[in-house]
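Throughout, read-outs are computed from the coordinates displayed, never taken from laboratory work. Predicted model only: the values in this text are computed from it and were never measured. We place every Cβ from the backbone using ideal geometry, glycine too, and count neighbours over all the protein chains shown.
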Amino acid sequence: MIPVLHLVMLAVILGVSFITIFLMVFERDLLKMIVLSAAQSTFYAIVLYILLVPDVVLAYIAVAVGIYTALLMFAVKKTERFEEA
Amino acid sequence: MRARYIAVWLAGIFIYFLIVARITLFDLVVAPIISMVAALIMGGEVVKKPYKAFSPKRWLYGLAYMLYYLLIVEPTCHLRVASMVLGLRDYRPDIVEVSFDYRTDYAIAATANSITNTPGTIVVDIDPRNKKYYVHWLEAYTRDPRVAREKIISVFDKWIKRIFED
Amino acid sequence: MMGIGEVFWLYIWLIIMANMGLAIYGLIMRPNILKKIACLTVLADTSFIVLAFIGYRFKYPVSPYIMTNWAPNNATITHFISESVDPLPPTLTITAVVINLSITILLVFLAIRLYEVYGTLDVKKIAMIKKELRGGEK
Amino acid sequence: MRVTGLIAAISILIVLFALAYGLVVLGISGPPAPVKLRLLGEKYLYYMINPATKYFTAESPEGVSAILWDYRGLDTLYETMVLFGAIIGAILVYREYLYSEPRKTGKIYGLSHIVRTVSKIIIWLTIIIAVAFGFTGQITPGGGFIGGAAFAVAPVLLVLVYTLGYARRLGLTHRRALLLRASFLLLLLLVIVTPLIAGGYIFQNQAKPGSAFSFPGRFIDSTPLGGSIFFLNLFELFAVAGAFTVAFILLGVIASLKEGE
């Protein structure tokens with residue numbers, strides 16, 4: 001038997017994460033970019049949870065959602081906010 | 001001074017068992033050590049008056065406040081905002097000053113979070129020295145801090161005082 | 001012909017590859033160094049997802065790699081193996097997550113230093129400033 | 001310039017899609033998620049807590065911890081070295097600020113009163129959960145690296161929500177964090193070398209042929225300890241936490257030094 005429900009959830013969440021990464025890469029305001037990056041990390045954490053790797057989820061949520069966001073926000077505060085593209 | 005650390009330590013042990021949801025001898029040995037690490041770092045800051053943390057009356061008031069808040073206060077506020085959205089009710093959004101008279105940090109934070117969590121009111125900023133919240137309010141027909149206080153936080157006031165204040 | 005499960009796998013795999021492609025695009029083409037760092041973390045995270053996919057099993061009763069029976073015998077172990085996912089990819093991933101964090105800290109500190117030196121984080125502007133400096137020396 | 005970017009994007013996407021198509025449809029290396037386990041993973045799962053195979057067991061019901069600190073222990077040791085190399089590199093970039101005294105300003109920076117009150121509890125809970133990950137890494141998801149990464153949230157919150165002065169008031173200085181990191185790394189090395197002193201092999205956990213030495217595999221009530229896995233997880237937790245605390249204290253130092261300029 002195939003767990004189709006899990007696959008549907010995976011497909012939807014990965015699709016949303018694709019949109020988030022797309023917006024993130026082409027965003028000029030770096031603060032918005034960081035918020036989008038945190039959203040992408042949340043979706044990825046859900047994907048990792050569905051794929052049954054609890055250790056990685058525990059480490060990943062703390063690092064990617066918490067610390068990367070704080071670190072990059074700090075760096076934006078110390079440097080410049082807008083990217084000239 | 002020492003009692004603060006012990007209070008935080010005991011609370012930490014309780015939280016450890018809440019997380020792991022399992023009681024074996026291993027956990028009974030390990031939990032005090034884990035809780036001790038956290039208490040040594042944050043123990044002096046989390047509680048200021050340890051005897052207050054161990055009064056069952058305050059816990060019961062906290063539980064009752066949670067039920068009252070979730071079952072009565074929040075649904076009525078939701079209904080009010082929903083009627084505003086549907087055009088059945090007038091609204092006048094503005095930022096007003098609301099005075100408070102709490103002394104403990106937790107009472108201030110709990111009231112601010114209660115105000116923010118109900119739809120229609122959001123605490124935008126706080127001035128702890130002059131004891132004032134700056135609240136974005138959808139029905140700001142008055143600008144008097146005392147009247148606003150009567151309208152906004154009198155619902156939570158007596159509960160919060162019983163839970164966190166003397 | 002492919003069943004519904006295979007179609008889903010194909011779709012999921014393609015999206016992962018597209019995410020990787022976007023991250024590589026941002027890493028190469030966007031000028032700001034902080035955006036490059038963020039794209040690098042996205043690339044690494046996508047590779048973690050790929051690793052988790054490699055370890056996953058495409059069958060129904062599937063469980064994580066943690067044995068709940070602490071005094072197992074041969075039968076329970078065989079049953080556990082028949083359901084469990086592969087523990088090796090997450091093992092590789094965990095150290096990668098933490099090392100990625102430390103390397104990102106290093107990169108952010110270097111980026112702040114770079115801003116102090118050049119006054120900008122745009123690599124094109126930095127290249128221009130460097131070219132001017134070199135021309136001035138000659 | 002724009003055309004170059006477009007070409008680069010299209011070529012990257014074409015390469016990746018070709019890779020994906022080849023992997024999934026043509027079956028170059030089989031489907032991405034197989035139904036059967038690979039042989040190596042199956043062997044690890046079979047041996048990790050198996051009383052029947054005395055010389056191969058790791059006495060840890062958690063597969064990741066067993067592989068991380070027993071079967072592939074040396075890999076993990078070198079990965080730990082990479083981690084500390086990166087952290088030391090980050091510290092070296094701003095080393096001169098770390099040892100300078102912070103400027104004393106009367107004004108208190110940091111976020112608002114409410115955020116600070118709530119963050120107190122959050123930091124406390126974070127520390128409990130992170131240390132619990134380290135202590136119970138051999139029976140539930142968690143372990144040294146995970147606990148260390150979770151612990152690192154606490155100094156981040158301390159430095160960004162409060163200020164560095166508050167962290168110093170709590171006794172979190174960079175000297176103490178460095179001491180913590182160094183001493184727990186030494187303890188980690190001690191655990192690795194202990195079997196060698198007792199006449200066994202380096203990185204030995206349970207008894208092997210030719211060496212009867214083994215770390216305690218079970219607690220008194222037969223909760224699995226995983227032998228050296230328990231100690232290595234624990235020491236790794238505090239070493240990683242100390243390293244990240246130094247890095248984020250340095251972050252706070254940079255913030256406080258450059259605030260007025």
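For segment D:58-257, what number results from the quotient of the Cα radius of gyration and 2.2 N^0.38 Å?
Numbers: Rg = 19.2 Å, N = 200, 2.2 N^0.38 = 16.5 Å.
Cα Rg divided by the expected 2.2 N^0.38 Å: 1.16.
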(request) Treat the protein assembly as shown as a sphere of radius equal to its Kirkwood radius over Cα pairs and apply Stokes-Einstein at 10 °C in a medium of 1.306 mPa s; give the translational diffusion coefficient in µm²/s, rounded to a whole number. (result) 58 µm²/s
(message) For segment B:74-166, report the % of Cα-Cα distances exceeding 17 Å.
(response) 48 percent
(message) Please enumerate, by chain and number, the aspartates and glutamates with C-alpha under 17 Å from the C-alpha of C:LYS131, excluding those fewer than 8 residues away in the same chain.
(response) C:ASP122
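Roughly speaking, what % of Cα-Cα pairs in segment C:4-137 are separated by over 26 Å, rounded to a whole number? All intermediate terms of the calculation are to be shown ahead of the outcome.
Values: 4270 of 8911 pairs.
Result for the distance tail: 48 percent.
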(message) Going Cα to Cα from C:LYS59, which lysines come in below 26 Å? Please leave out same-chain ones fewer than 8 positions away.
(response) D:LYS36, D:LYS43
(message) Run the paramagnetic zone check for D:LEU190: 7 angstrom along Cα to Cβ, then residues of segment D:224-244 with backbone nitrogen under 17 Å.
(response) D:228-240
(message) Between D:TYR201 and B:GLU97, what is the label-point separation in nm under the 7 Å Cα-to-beta-carbon projection?
(response) 7.6 nm
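Counting only DSSP beta bridges with both residues in segment B:55-164, what percent are antiparallel, rounded to the nearest 5? List each step's numbers first, then the result.
On the way: 12 of 13 bridges.
Just about 90 percent of them are antiparallel.
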(request) Over the whole of B:112-122, what's the average partner chain Cβ count within 10 Å per residue? Rounded to a whole number, please. (result) 1
(request) Using the number of other C-beta atoms within 10 angstrom as an exposure proxy, rank D:GLU96, C:GLU116 with the fewest first. (result) D:GLU96, C:GLU116
(message) What's the whole-number percent of alpha carbon pairs in chain A lying beyond 20 angstrom?
(response) 42 percent
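Helix check for chain D. Which DSSP H runs span at least 18 Å along their own axis by Cα, with a mean Kyte-Doolittle hydropathy no less than 1.0?
Values: long enough: D:2-21 (28 Å, 2.19); D:73-93 (31 Å, 1.64); D:113-135 (34 Å, 1.83); D:174-197 (34 Å, 1.75); D:228-257 (43 Å, 2.15).
Helices meeting the criterion: D:2-21, D:73-93, D:113-135, D:174-197, D:228-257.
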(message) Classify segment B:2-52 from the C-alpha gyration tensor, please: rounded if a/c falls under 1.5, else prolate or oblate depending on whether a/b exceeds b/c.
(response) prolate
(message) If the only charges are +1 at each Lys and Arg Cβ and -1 at each Asp and Glu Cβ, what is the size of the charge dipole of segment C:4-137 around the Cα centre, to the nearest 20 debye?
(response) 520 debye
(message) Using Cβ contacts closer than 10 Å as the measure, can you line up C:HIS79, D:HIS174 from fewest to most?
(response) C:HIS79, D:HIS174
(request) Go through segment D:53-67 residue by residue and turn each phi into a ³J(HN,Hα) via Karplus (6.51, -1.76, 1.60, θ = phi - 60°); whole Hz please, and just put x for glycine and proline. (result) 9, 5, 7, 10, 5, 10, 6, 10, x, 9, x, 5, 5, 4, 6
(request) Can you list which of the chymotrypsin sites (Phe, Trp or Tyr not before Pro) found in segment B:80-153 are DSSP loop residues with at most 13 other C-beta atoms within 10 Å? (result) B:TYR141
(request) Hand me the trypsin sites (Lys or Arg not before Pro) from segment B:1-91 located in a DSSP loop with no more than 12 other Cβ atoms within 10 Å, in residue order please. (result) B:ARG22, B:LYS48
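If you place +1 on the Cβ of every Lys and Arg, -1 on the Cβ of every Asp and Glu, and leave all else neutral, what size is the dipole of the protein assembly as shown about its Cα centre, to the nearest 20 Debye? Intermediate values should be presented prior to the final figure.
Values: 59 positive and 42 negative charges, 293 e Å.
Dipole about the Cα centre, nearest 20: 1400 debye.
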(request) Please give every one of the lysines within straight-line cross-link reach of B:LYS151, meaning a C-alpha to C-alpha distance under 22 Å, and leave out same-chain neighbours fewer than 8 residues apart. (result) B:LYS131, B:LYS132, B:LYS161
(message) Using Cα-Cα distances under 8 Å and only pairs 6 or more residues apart, what relative contact order does chain D have, in percent?
(response) 24 percent
